[in-house]
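Step one of this worksheet: look at the structure below.
What follows is calculated from the coordinates using simple rules that are stated; it is not laboratory data. Every value quoted in this text rests on a predicted model; they were computed, and no experiment measured them. All Cβ positions, even for glycine, are placed from backbone atoms using ideal geometry, and neighbour counts span all protein chains on display.
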Amino acid sequence: MSEPLRRIPADEPAPESGSGSDPGLAARREHSLRSLLELSRELKVSLDLYETADLLLFNLMGQFGTARSAMWLFTGDKGARSVMVRCHGFKPQAVSAVTDICADAVRRRLAREPSPMLSWALKPDLGTAEFELIRQVGIALFAPLSAHGELLGLLALGARVNGTSYTDDNLQTLETALGMVGMSLQNTRLYNRLFENNRQLRLSHDRLLEHTRLKSEFLSNVNHELRTPLAVIIGTLECIVDHRSTDEDLKGLVQGGLKKSHDLRGMIENLLILADATEGRLEVQIEAGTLGPVLEAFHAERLAGVSETLREFRFEPGGDLPGARFDRKRLLQILNELVDNAVKFTPSGARLVLRTSRLEENDRRWVGIEVSDNGPGIPADRLENLFRSFEQVDGSSTRRVGGLGVGLAFARQLAERMNGELRVRSDVGAGSTFTLLLPAA
Amino acid sequence: MSDFRLEVVPASPRTDVVRVHGHLDARSATTLLSQCRMVAQEGKHLVLNLAGVAFISSSGIGALLALVEEHNQTPYQVRLTEVSPAADSVIRLLNLDQILAIDATEEASRQAVEAA
């Protein structure tokens, strides 16, 4: 960074002494160095944006002795939206207000001067009310997260609990840490994007293979069940045309009929292709098995892609689970549908949780798999419609997120074919939970 | 996090003791926070026993500060007790011994949180 660090003006509290006579200075510098080494070591193995955020924030809080920290990442077109990804110590509602009211102005300033900046230095960029909000929330400094000159996000730290101000040494250490984290975040996001793209390609490939197989099977049925009678009709009409060519009127009628038969065959073929695409062939192979490793692998596979959309995705296994009876392939199809659905209908910054539970109901033992989110939720009168084909919560959502609206209907059919159930509960403003119940083995 | 371990012991109907063993660092910080948040969610005060902490990094200190701050926003108290020499030296280096509530024994901490 070529920009000089901001100096603390005379009317601000005095910084800690930086002189060589301070007996604790060497020890504190060693502590800072060890902190940077720890951060560097841990960043090498972290591939989750939220884990990286926690690593950074806890590390900085411990280095500088502050009990409050928060981190935002930018998303959307040209990073136009600020999404708060982690907050420790600050009241979450207060940080949300900062996100809504101040983040844009802070981002513009840090884009011009990409260095850590004490809050008071932002006063010229903020209105009185905005500056007062930052003061009341207790944000002592903001700092940019950037890589290759691109501003990826920003970070806020609260005041130091021992009452001293951040020193130039602290700000330089912070800048060094943020440099490492910026590169790591960029690498993480690129890796996650690549991982997700590969997953999508693999899924597309699998779907294409499945469609090809189904199409071949289906075309074979079409040939036998529908095309054979039509071939007979066409053959008969062709014979009439060939052998009664002297009766011009009859010939004209028959030629018309022949043409219509060909048209009919074409239309039926098109309809069957459409049916092939939307109906699906639901073969299931149910076996008794353990869900834990399947769900763990599923979470690991989806984590990168979900994180890439700036949604947190956590797996919370619910202790000892009995075995369950399920078709692994169909189970994964359902879970993919539920996670895709949660990503589609929640805003960036939302939290998705995959968890398991055990349940007894009507003398039956079930294993429950939940996919829950803290998104906008679904009105009660729309909940059951979700499972009808071509239904989405509203038309505008259909246009915003796209899709035929057949995914949840498909998922419920699959659940029922495995002798299970797919349920939903939702609170508007609090989020939704989809629960897949599978028979315990 | 090779030897990190938490032990939750009810000290009284109103207070739980969480005994921390091993390295409190970046890997174990979130586990500690999650476990301690559950104590507050159950409506209990928290005594954090650091006697078994062999090493504490910046991230571990950060987690302790976040934990104390989060508890300050609830009706429940948190105090540290039996801080090991390894943890004590870092806490003192950062002058946090003036800020964090530290006691010599679990019983002293329990009495302090329940009297507050």
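Observations on the model:
- Taken along the Cα-to-beta-carbon direction at a fixed 7 Å, the label points for B:Gln73 and A:Ile101 span 1.7 nm.
- Peptide A:49-61, shielding by other chains (average Cβ, 10 Å cutoff): 5
- The order of A:Ser119, A:Ser40, going from fewest to most other C-beta atoms within 10 Å of their C-beta, is A:Ser40, A:Ser119.
- Cα convex hull volume per residue for chain B (Å³): 85
- Exposure proxy shown here: for B:Thr81, A:Thr309, the number of other Cβ atoms within 10 Å sets the order, fewest to most, as A:Thr309, B:Thr81.
- Extending 7 Å from the Cα toward the beta-carbon at both A:Arg202 and A:Trp120 defines two label points whose distance is 5.5 nm.
- Geometric extent, Cα atoms of region A:69-188 - Rg, Dmax (angstrom): 13.4, 41
- Separation in nanometres of the label points that stand 7 Å from Cα toward Cβ, at A:Asp169 and A:Leu37: 1.8
- Number of partner chain Cβ atoms within 10 Å, mean per residue of A:34-45: 3
- Average partner coverage of B:25-32, which counts Cβ from other chains inside 10 Å: 5
- Ranking of B:His23, A:His88 by neighbouring Cβ atoms within 10 Å, starting from the fewest: B:His23, A:His88.
- For the pair region B:39-91 and region A:70-100, the centres of their Cα atoms are 27 angstrom apart.
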